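The structure under discussion appears below in the form of structure tokens.
Values in this text are rule-based calculations from the coordinates and carry no lab data. Note that the structure is predicted; figures quoted are calculated from it, not measured. Backbone-built Cβ (ideal geometry, glycine too); neighbour counts: all protein chains shown.
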Amino acid sequence: MESKAAMPEEGQTSGKRGTRRFWVLEGASFICGAAVMVLEMTGSRVVAPYIGTSLVVWTSLIGVIMASLSVGYWLGGAAADLRPDRRVLARVVLAAAVLTAVSALLANPLLVFLSRLDSVYFAAIVAALALFAPPSLLLGMVSPFIARLAMRSVGSSGATIGRFSALSSAGSILGTFLGGFILIPLFASGTILLLLAAALAAVGWALYGSMWRKAGLLAAGFLALSGGTVVWGTPMTPPGDHIDTRYNHIWVAEREYPNGRRARYLMTASVKEGAQSIIYVDNPEELVSDYTKFYDLAFHYNPGARRLLMLGGGGYCVPRHLLASRVDAQRLPTFSMDVVELDPGVTAAARKYFSLKDSPALAIHHEDARIFLNRAAKEPTRRGKYDAVFADVFGSWYSIPFHLATVEAAQAMSDLLTPEGVLISNVISSIQGRRSGVLQGIYAALTKVFPKVLIFPATFSSPSYAQSRQNIMLVAFKSEAAPPSPPYSPDITRLLSHIWTRPFVPSVPAFTDAFAPVENYALQE
């Protein structure tokens, strides 16, 4: 039985005129598909200075946006059946443009409020619901609405739906690469959202057809607003310098301490998660953060240490301190150090704001630390062994690269050490109580590989503070033999006084590549 041709409905055209204007629907499907992914990727950068960039934030964004799209698909299909008019679709797209612009303009006050909440889960979900669910829902309505408008007959419905689904998916692919490779590295997050709003307004204008004047004015307004933000920026983030890189949102800010000294901070997570690196503006070589001073223990336990590896560059505070303090009579460094930093943008910020200078003793590698370890372990003859490995890879107390906290990662680091080598790793956790799961899992992983592991609470050494979240330095030894005990300097004596002498038996299984639920333990309260 032959299917009957569908009659043109309200808002549709037939014949050659309809064919000529059919490309508008195809273009709208493609651009709206791209908009969804740009919105999702930019959303992570919008919330980063306030809530962080952890797995919790990404899960909340993806889950809320996917749920919003699902509701949008259902509503869009129902609306299209009720009134299959292209002008209705145009209003939906223009509304998505308005809500995207509103998200850009209202993000700052909302996120400032949410950053004060104790629950990261609640803050991340509310932020995603308030800022990105409304435009995502409207963008979800576009795909089924367009398929309904483009439907010519029941017999070709499958091909029509398939074609527009492919266009929307192709747009999403483009949006992913456009957002990650071009927009985020080049523009502020607020500017991207307003540019996205302008693009959606232009799509709505094209869909309106005969009502082009009203829609054109709206699109022009969005374009002017977006153009202004490209030049002047948007007040979406806290005071300070903000840099969007391929991997991070970097925030550099300053504050004055009670002693009158001014400190500069580098952060790649939220305000409440603390700073990755801190320097005194008047003396960049002086270590400010207490935990960074514990890396000097490597030279106490292995006095002959000359070849060093540091995983995680950040503001390069430790390398810069060693370049200033570990020198011979000619002021030349007495060591060489490989620093592995994932983000070239972080290194660039360290050069601009944290007085990082080039040195023959310093070799910087921009790649994932685990990839570096895996490759270096396979070519020990060419690369050589290290006398000490420093690990400082936590983005915050709950932004943890799990693949560097496992038994397999510990084995890769051990393979790169000389027989007298020492590993010193910074862990943000507590020693006892519900917040100690991260430390227990990492400690258990290290003891699977290293015969001796010591614990140094960097801030508090009293057992009464054992349940406080803090920087904890784990010192692991390649050799079972007791390390030498050279004469203690006052600084070393002070560091050694922090050693944890009470029993520590982890109840959490050692983290492995197959199972390392670091966020689950980190977010325990």
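Rounded to the nearest Hz, the phi-derived 3J(HN,Hα) couplings of segment 172-189 under the Karplus curve 6.51 cos²θ - 1.76 cosθ + 1.60 (θ = phi - 60°) are 5, 5, 4, x, 5, 6, 4, x, x, 9, 10, 5, 5, x, 9, 10, 5, 4, where x marks glycine and proline.
Placing a label point 7 Å from the Cα of Asn374 along the Cα-to-Cβ line, the residues of segment 391-410 whose backbone N sits under 18 Å from it are 401-410. Per-residue Karplus couplings for segment 347-361, computed as 6.51 cos²θ - 1.76 cosθ + 1.60 with θ equal to phi - 60°, are listed in order as 4, 4, 5, 5, 5, 7, 10, 10, 6, 6, 10, 5, 8, x, 7 Hz, Gly and Pro entered as x. Here the Karplus relation 6.51 cos²θ - 1.76 cosθ + 1.60, evaluated at θ = phi - 60°, turns the backbone of segment 114-127 into coupling constants of 5, 5, 7, 6, 7, 8, 5, 4, 5, 4, 5, 5, 5, 4 Hz, with x for every Gly and Pro.
The distance between label points at Ser156 and Phe515 comes to 5.5 nm (points 7 Å beyond Cα on the Cα→Cβ vector). For Asp415 and Ala481, the FRET efficiency from 1/(1 + (r/R0)^6), where r spans their Cβ atoms and R0 equals 25 Å, is about 0.85. Residues whose amide H comes within less than 5 Å of that of Tyr386, counting only those at least five positions distant or on another chain, are Leu417, Thr418 (H built at 1.01 Å from N in the peptide plane). Among rounded, prolate and oblate, which fits segment 283-522 when a ≥ b ≥ c are the square roots of the eigenvalues of its C-alpha gyration tensor, a/c under 1.5 means rounded, and a/b larger than b/c means prolate? Rounded shape, in that the Cα axes give a/c under 1.5.
I want to verify the translational diffusion coefficient of segment 61-149 in µm²/s; compute it with Stokes-Einstein, Rh as the Kirkwood radius over Cα pairs, at 20 °C and 1.002 mPa s. D, rounded to a whole number, is 156 µm²/s. Protection proxy ranking, highest mean first, for peptides 350-359, 488-497: 350-359, 488-497, where packing is the per-residue count of other beta-carbon atoms within 10 Å, averaged.
In this structure the amide hydrogen of Thr334, modeled in the peptide plane, comes within under 5 Å of the amide hydrogens of Val327, Asp328, none closer than 5 places in sequence on its chain. Counting other Cβ atoms within 10 Å as a rough exposure proxy, the listed residues Thr512, Thr292 run Thr512, Thr292 from fewest neighbours to most. With the highest mean first, a sort of the peptides 498-505, 145-152 on other beta-carbon atoms found within 10 angstrom per residue produces 145-152, 498-505. Counting every other Cβ atom within 10 Å of each residue's Cβ, Val327, Val340 order from fewest to most as Val327, Val340.
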